[in-house]
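The values are calculated or read from the model by the stated rules, or taken from the named source; none is laboratory data. Given the structure is predicted, the values throughout are model-derived calculations rather than measurements. Don't worry about glycine lacking a Cβ; one is built from the backbone with ideal geometry, like all the others, and counts go over all protein chains shown.
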């Protein structure tokens, strides 16, 4: 198994050959030299910008490939795999788990390459590099490093903070740092980054000041729980900071919600007006590492894929389907109905749902996809989000495990919901008009009726609560690797509630029956009667964090020592 060698591997790629040709984003094009070395590169603005391009894709590849949904969605309970990745589905991820190891490795690759990019630019930028470009490029690297540490600290807790890998080549005393000190570090970094990034992207897809301030809103909301003084007693100063940065992004970024939710995931959606930051994947035949491989594992069948299509046993959990408004429970074993929430069709496929943007190849010929009604004791609400179809559906830019569509890392919708949650803060609810407005911009975009602080029929008070916002985030960001980190944020200040949510979820088998096919108007979803085990998980203090991979402990035994504060 590939591991992170803290003495050697974490140096990363000293020769930064991680930018690519044959891509649709100009700033990812291959620079005019075959090998970028510290002596010959970083001499012009163009070269400096080329030198940071790979931070937008390849260093994140191992995380994006399968780990992103294994951790973000399988562990959170929004999505499951019936026969694979069961350690993450059943919440017993081990230190040997492949996706646990892949994500840990990927985040430290981001750290290592970011560190070396900063070192190389500072040491070798020539007179042809303008101060603004130098400052921006270093800020890009610092942004990526801070974001990688956000994932590291939220998944594994105490981890080593490394800002110069060259200093640790022969260091056998590397220690983990404490959780609060890591959060102080990444917040401080992101504040500095926000000052150095431009307000308008110098090239489509590159980071801006608003990318950084959006992350600051996210960071401060979570940090309010990290430095809580008790259950439901988050740090008010950080809640205020989250609200402050969210408001700045909303008012000043120019970002806007797309009118139709499904359009967020219809090719070509890359770098649209709702996006604040995306991983920039490129279709590149015959090469590996800068393409999006994830759709290969999400496509429910080879019929809609390009030599892959390995996602037939993946889909929404029973718990996830029960969250959609319009599906009513009938006892403990059945839910039925329909929803006007457009996010369901855009995230998961139910029998009879039509997707004219995707071609399906059948023995009788090709057709526009209508998700099949396979019947039987076990069926799946298969994954739609990030599934873009065959090569002919994406302008020829697809092959096996090689797709062009980007991965969202933050959208404006999250900023609206951060603002609303920060307003509630340590209270139980809010009727604040701005918070309700921002919540409803997300809520009604899905086709649902506006949430009101008073029931229009009965006059009963129905204030906006943290539980309502949590559910909205689950519905909005399912299969975007977000829900797990919402639970971690909750766990910082109210661990028992986080365990309660996880342990209440049903993650077992079921079947779906449409009332008609095609063009159904409702569905009946029944738990599979013979599948009575492995429906629930047992989340607790002993298994909530991910374990540091065993191979890394072997490489750096001091990782078992008590953590120390980062300076």
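Observations
- Search result, residues across the range 239-273 that are farther than 22 Å from residue 221 by Cα and in a helix (DSSP H, G or I): 261, 262, 263, 264, 265
- Tally, over the range 396-415, of residues that are touching a residue at least 60 places away in the same chain (Cβ under 8 Å) and either over 17 Å from the mean Cα position of the chain (by Cα) or part of a loop (DSSP other than H, G, I, E, B) (or both): 10
- Answer from 475, 490 - the residue that is part of a helix (DSSP H, G or I) and closer than 25 Å to residue 330 by Cβ: 475
- The range 508-535: number of residues that are in contact with a strand residue (DSSP E or B) (Cβ under 9 Å, 6 or more places away or on another chain), assigned to a loop (DSSP other than H, G, I, E, B) and surrounded by 13 or more Cβ atoms within 10 Å (Cβ to Cβ): 10
- Exclusive hit being surrounded by fewer than 23 Cβ atoms within 10 Å (Cβ to Cβ) and at pLDDT below 95, set 175, 188, 184: 175
- Applying a threshold of 6 Å to beta carbon distances and a minimum spacing of six or more residues, or different chains, the list of pairs starting in the range 214-232 at a residue that is more than 19 Å from residue 147 (Cα to Cα) and ending at one that is buried (at least 24 other Cβ atoms within 10 Å of the Cβ) reads 228/234.
- One residue stands out among those in the range 82-96 that are in contact with a helix residue (DSSP H, G or I) (Cβ under 6 Å, 6 or more places away or on another chain) and buried (at least 21 other Cβ atoms within 10 Å of the Cβ): the one that is farthest from residue 60 (Cα to Cα), which is 89.
- Scanning the range 326-357 for residues that are in contact with a strand residue (DSSP E or B) (Cβ under 8 Å, 6 or more places away or on another chain), more than 25 Å from residue 504 (Cα to Cα) and buried (at least 17 other Cβ atoms within 10 Å of the Cβ) turns up 351, 352, 353, 355.
- Of the candidates 164, 122, 155, the single residue that is modelled with pLDDT of 95 or more and surrounded by fewer than 18 Cβ atoms within 10 Å (Cβ to Cβ) is 122.
- Qualifying residue in the range 13-36 (condition: surrounded by fewer than 21 Cβ atoms within 10 Å (Cβ to Cβ), closer than 24 Å to residue 548 by Cα, at pLDDT below 95 and under 26 Å from the mean Cα position of the chain (by Cα)): yes
- Options 558, 538; residue that is touching a residue at least 40 places away in the same chain (Cβ under 8 Å), in a loop (DSSP other than H, G, I, E, B) and surrounded by fewer than 16 Cβ atoms within 10 Å (Cβ to Cβ): 538
- Some residue of the range 363-381 being within 30 Å of residue 60 (Cα to Cα), touching a strand residue (DSSP E or B) at 6+ places or on another chain (Cβ under 7 Å) and in a loop (DSSP other than H, G, I, E, B): yes
- Each residue in the range 267-296 was checked for being closer than 22 Å to residue 380 by Cβ and more than 16 Å from the chain's Cα centre (by Cα), and 1 pass.
- Residue check, residue 186 more than 22 Å from the chain's Cα centre (by Cα), part of a helix (DSSP H, G or I) and on the phi < 0 side of the Ramachandran plot: no
- Residue satisfying all of: in the range 259-275; surrounded by 14 or more Cβ atoms within 10 Å (Cβ to Cβ), out of contact with any strand residue (DSSP E or B) (no Cβ under 7 Å at 6 or more places or on another chain) and touching a residue at least 40 places away in the same chain (Cβ under 8 Å); nearest to residue 207 (Cα to Cα) among these: 269
- Qualifying residues in the range 433-450 (those that are outside any helix (DSSP H, G or I) and surrounded by 18 or more Cβ atoms within 10 Å (Cβ to Cβ)) - the one farthest from the chain's Cα centre (by Cα): 448
- Filtered residues of the range 191-211 (kept if surrounded by fewer than 21 Cβ atoms within 10 Å (Cβ to Cβ), more than 21 Å from the chain's Cα centre (by Cα) and not in a helix (DSSP H, G or I)): 198, 199, 200, 201, 202, 203
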